[in-house]
Amino acid sequence: MQDRAGFEEFVRQLPKAELHVHLEGTLEPELMLALAERNGIAAPFPDVDTARAAYDFADLQSFLDLYYAGADVLRTEQDFYDLTRAYLTRAAQEGIRHVEPFFDPQTHVVRGVPFGVALAGILLALEDAEEDFGITYRLIMCFLRDMPADDATHTLHTARLYPHRIAGVGLDSAELGNPPEKFAGVFAEAAELGYRRVAHAGEEGPASFITDALDMLGVERIDHGVRCLDDPAVVARLVAERVPLTVCPLSNVKLRVFDEMAAHPLKRMMDAGLLVTVNSDDPAYFGGYLTENFMAVADALDLTLADMTALAKNSFAASFIDDALKATYIAEVDAYSAGA
Ligand code: ADE
Ligand code: ZN
């Protein structure tokens, strides 16, 4: 049996995919302050320590208020490049081979930052990281569910100016009061246009939002989905249909979805036969990147190296890459764990 440091090193180098990370949520306070200065605007916090001390959340909305305030420093293509490059540089150092990151175009467009400015910076950084680190990617744009559905449709139409650059659409922001059905029309149009579809569901909202996201939005993957355990019929369906769930343990505890990591249902979800993956969500705000998320559940729930390997394989199985590339990455996980 390895000691904890050896276990952590195994996890850090384990080949993994990250399928649930908001690029705006990777904005570390240091970069936030630097970008505010570069752009000649006021930062939301006077210094890094004040920022980190403020990252103490009561629920999803209290986090979102700070997350949107932080994103306001992102103004230029270079800002989006620097943000994305910083995340991908860290990702490369922790065994991440493939990413399917989110960005929130409406957050920027409402502030006067054009869609194309944010997209260009993000894509350039993704292309560079593929070349420099070999990290493959599929970019997903999320619609903000607390904005009108018409605005999401407008965003989808703007994205048509950039064909084949965005692989999928998602749905994020305040879940309560904004059920999946509100976005049925725009998701139907996205499907016709060939976009892959995911949605946050069952994070703070009820298990029925998971079913509704599958039935009304046609999503292929559920982000979070932890509330599925409230309804055995929803669990049974997710297992039968092999619907992946992108679970974010540190996020769930920081946003008080669960009181403590020991109460996190990840192990129960694995035992139930669900196709779960581990992800960081908004790592700059929640106290850890992907390795810290794996370690948090390993420590609290007594997970084994075999569990870590299974979660890493799930991350590729649940991704939007083709079957040949999935097989390549999963073989890499097998070779890595056989040599450990
Ligand atoms: N936007 C960024 N992180 C989010 C989360 N965890 N839930 C909903 N919207 C988000
Ligand atoms: Zn999220």
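Computed values, structure above
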quantity	calculated
Matching residues in the range 194-218 - criterion: being under 18 Å from PHE103 (Cβ atoms) and either aliphatic (A, V, I, L, M) or more than 16 Å from the chain's Cα centre (by Cα) (or both)	TYR195, VAL198, ALA199
Residues that are under 19 Å from LEU255 (Cα atoms) and crowded, with 16+ Cβ neighbours inside 10 Å, drawn from the range 175-206	GLU175, ASN178, ALA199, HIS200, ALA201, GLY202, GLU203, GLU204, GLY205, PRO206
Residue, most open to solvent (accessible area, probe 1.4 Å), within the range 81-114, restricted to residues that are more than 15 Å from the chain's Cα centre (by Cα) and polar (S, T, N, Q)	GLN93
The range 271-283, residues that are part of a loop (DSSP other than H, G, I, E, B) and open to solvent by less than 40 Å² (accessible area, probe 1.4 Å)	LEU274, LEU275, ASN279, SER280, ASP282
Among residues of the range 124-146, those that are crowded, with 19+ Cβ neighbours inside 10 Å and either within 16 Å of ligand 1 (Cβ to nearest atom) or not hydroxyl-bearing (Ser, Thr, Tyr) (or both), counted	11
Tally of residues being touching a residue at least 24 places away in the same chain (Cβ under 8 Å) and more than 13 Å from CYS142 (Cβ to Cβ) across the range 155-172	5
Residue count for the range 159-194, restricted to those that are among the hydrophobic types (A, V, I, L, M, F, W, C), within 16 Å of ligand 1 (Cβ to nearest atom), touching a strand residue (DSSP E or B) at 6+ places or on another chain (Cβ under 7 Å) and more than 19 Å from LEU119 (Cα to Cα)	1
Residue among PHE209, PHE286 that is within 16 Å of ligand 2 (Cβ to nearest atom), more than 30 Å from ILE330 (Cα to Cα) and buried (at least 21 other Cβ atoms within 10 Å of the Cβ)	PHE209
PHE57, sole failed condition from (1) surrounded by 18 or more Cβ atoms within 10 Å (Cβ to Cβ); (2) out of contact with any Leu (no Cβ under 6 Å at 6 or more places or on another chain)	(2)
Members of the range 245-256 found to be in contact with a strand residue (DSSP E or B) (Cβ under 8 Å, 6 or more places away or on another chain) and either away from ligand 2 (no atom under 14 Å from the Cβ) or open to solvent by 10 Å² or more (accessible area, probe 1.4 Å) (or both), listed by number	LEU250
The range 293-330: number of residues that are part of a helix (DSSP H, G or I) and within 16 Å of ligand 2 (Cβ to nearest atom)	2
Cβ-Cβ under 9 Å pairs, at least 6 apart or on other chains, the range 179-208 side under 18 Å from ARG221 (Cβ atoms) and modelled with pLDDT under 95, far side open to solvent by less than 50 Å² (accessible area, probe 1.4 Å) and assigned to a strand (DSSP E or B)	none
Residue in the range 227-236 that is within 26 Å of ASP172 (Cβ to Cβ), crowded, with 21+ Cβ neighbours inside 10 Å and not basic (Lys, Arg) present	yes
Residue among ALA43, ALA17, ALA36, ALA51 that alone is buried (at least 23 other Cβ atoms within 10 Å of the Cβ) and either away from ligand 1 (no atom under 14 Å from the Cβ) or in contact (Cβ under 8 Å) with a residue 60 or more places away in the chain (or both)	ALA17
Only listed residue being open to solvent by 40 Å² or more (accessible area, probe 1.4 Å) and either in contact with a His (Cβ under 8 Å, 6 or more places away or on another chain) or of a type in the set (Ser, Thr, Tyr) (or both), chosen from THR328, THR291, THR309	THR328
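The values are calculated or read from the model by the stated rules, or taken from the named source; none is laboratory data. As the structure is a computational prediction, the values presented were derived from the model and not from experiment. FYI the Cβ positions are ideal-geometry reconstructions off the backbone, even for glycines, and counts take in every protein chain you see. All accessible areas refer to the heavy atoms of the entire protein, side chains included, with ligands and DNA or RNA removed. Shrake-Rupley method; radii C 1.70, N 1.55, O 1.52, S 1.80 Å.
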